[in-house]
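Every read-out reported here was derived from the displayed coordinates using simple, explicitly stated rules and does not represent laboratory data. Worth saying up front: this structure is predicted, and the values here are computed from it rather than measured. Using ideal geometry, Cβ is built from the backbone for each residue, glycine included, and neighbour counts are taken over all protein chains shown.
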Amino acid sequence: MRKLMSCGVIVFRREPVLSFLLLRRTHRFDLPKGHVEPGETEHQCALRELFEETGLDQSVIQLDPEFRFETKYYPRYRQYGGRVVEKTVVLFLGWLLEDRPVTLSEHGHFEWVSWQPPHRLAHGTIDGVLAAVARHFDAKAAAP
């Protein structure tokens, strides 16, 4: 079975309210992410895809070194003749350091969604990463 890996960033901002960035395709939400290129690390891929899809470059994003979310699923890929592949998605938590406009290249729309867990936005990766972020925030708040 062919194996693919995608990496991306779930971007949070603190102002005007704590919120996270969601991209919108025609019928579903998405996060800025994409396939790892040969020789590229997970972080490099995530930051490259973030820039390509939103215009937000690494100078305005601080990745949380304590957060890494990984999930696997088994979609069919048209470019592989409709065969099922094992897809691993790795997402990092990034904080927007300064207000910058989002410039979309692959999605029709975006929105900043207020952080009010639990979120039930899109079964699968998005809800999974949001639940992991909520646990991460709770653990940080409980730490001395």
Matching residues in segment 111-136 (under 19 Å from Pro16 (Cα atoms) and not polar (S, T, N, Q)) number 5
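Yes or no, residue by residue, for (1) part of a loop (DSSP other than H, G, I, E, B); (2) in contact (Cβ under 8 Å) with a residue 60 or more places away in the chain; (3) closer than 14 Å to Thr88 by Cβ; (4) not β-branched (Val, Ile, Thr):
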{"residue": "Ile10", "(1), (2), (3), (4)": "no, yes, no, no"}
{"residue": "Leu23", "(1), (2), (3), (4)": "no, yes, no, yes"}
{"residue": "Thr26", "(1), (2), (3), (4)": "yes, yes, no, no"}
{"residue": "Glu37", "(1), (2), (3), (4)": "yes, no, no, yes"}
Only one of (1) in contact with a helix residue (DSSP H, G or I) (Cβ under 7 Å, 6 or more places away or on another chain); (2) surrounded by 18 or more Cβ atoms within 10 Å (Cβ to Cβ) does not apply to Glu49, and that is (1)
